[in-house]
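S.K.: Mind having a look at this structure? Questions to follow.
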Amino acid sequence: MKTKLVSKLLLLCMALMVVGINAFAQAIPRDSSTATPSAPASTANTNQAAAPAVQPTVQPASVASGNREQDHEELRALLRTAKEAVNAKNFDALKPLFHEPFSITTVDQKVFTNFDDFKAHFATLLTGANAPLKSIVFNPEADALTEFVGDNIGLSHGTSTDTYNFSDGDTRTMTSRWTATVIKERGKWKILNLHLGANILDNPVTAAAKSYVTKVGVGAGLGGLLLGFILAWVMRGRRSV
């Protein structure tokens, strides 16, 4: 009996020790390297902590959509006014169309940065006793819509079929090319730079020169034939004597 009682007491003590060790083990914090990952923060908290999204810069409708129709209309009006002013020899109406400063390269490749000098140049061509021209009729047309470089700068180019009425009664038509840089100043488009050029192989001057050379050649040929006949007649007359 005593032996059985002692055995039961030993088993009970061992059971109590195991329970205590388990409870003690559970009370000890686990190492961070083996800890179970914590659950992610809620979506609501994450959204609250995140920085606000950067909003895109809102551009004016005309720039964002590329709609510059009003500018194109103003530039068409500028071209019409310039054409009418030059053809009417009204340089006072032409002057406000140019920016200050500006530059112009004329079809005869003269460069002007002063409007009065530009006006005087045309006066020598069209007025006075020794003026080579009676009139010039310009008919400029753009090849395409103006290409804008930013809000206030535009690049344009085209052709112009021009008629030159010379003082000697001759009339010549020439197609030239032009390029222009326009600038918007105080809400109005103006000409900043204008360059005119002609085909050096096909223009009224070279055509007139070719015609002159042809006429001189024909005249020289006819003169040579006439001189040959005269010399032959003279020589024949001497032989007969």
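S.K.: Name the residue that is modelled with the lowest pLDDT, counting only residues in the range 65-95 that are of a type in the set (Lys, Arg) and farther than 16 Å from residue 191 by Cβ.
M.R.: 89
S.K.: Also, I was wondering about something else. Report, by residue number, each residue of the range 108-124 that is closer than 19 Å to residue 167 by Cα and buried (at least 16 other Cβ atoms within 10 Å of the Cβ).
M.R.: Scanning the range 108-124 gives a single hit, 122.
S.K.: Taking only pairs six or more apart or across chains, which ones have beta-carbon atoms under 7 Å, a first residue in the range 79-103 that is touching a residue at least 60 places away in the same chain (Cβ under 8 Å), and a second residue that is of a type in the set (Ser, Thr, Tyr)?
M.R.: 97/81; 102/113; 103/113
Residue-wise test of (1) hydrophobic (A, V, I, L, M, F, W, C); (2) modelled with pLDDT of 90 or more; (3) farther than 30 Å from residue 73 by Cβ.
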| position | (1), (2), (3) |
| --- | --- |
| 142 | yes, yes, no |
| 196 | yes, yes, no |
| 205 | yes, no, yes |
| 210 | no, no, yes |
| 215 | no, no, yes |
| 240 | no, no, yes |
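The values are calculated or read from the model by the stated rules, or taken from the named source; none is laboratory data. If you're wondering where the values come from, they're calculated on a predicted model, not measured in any experiment. Using ideal geometry, Cβ is built from the backbone for each residue, glycine included, and neighbour counts are taken over all protein chains shown.
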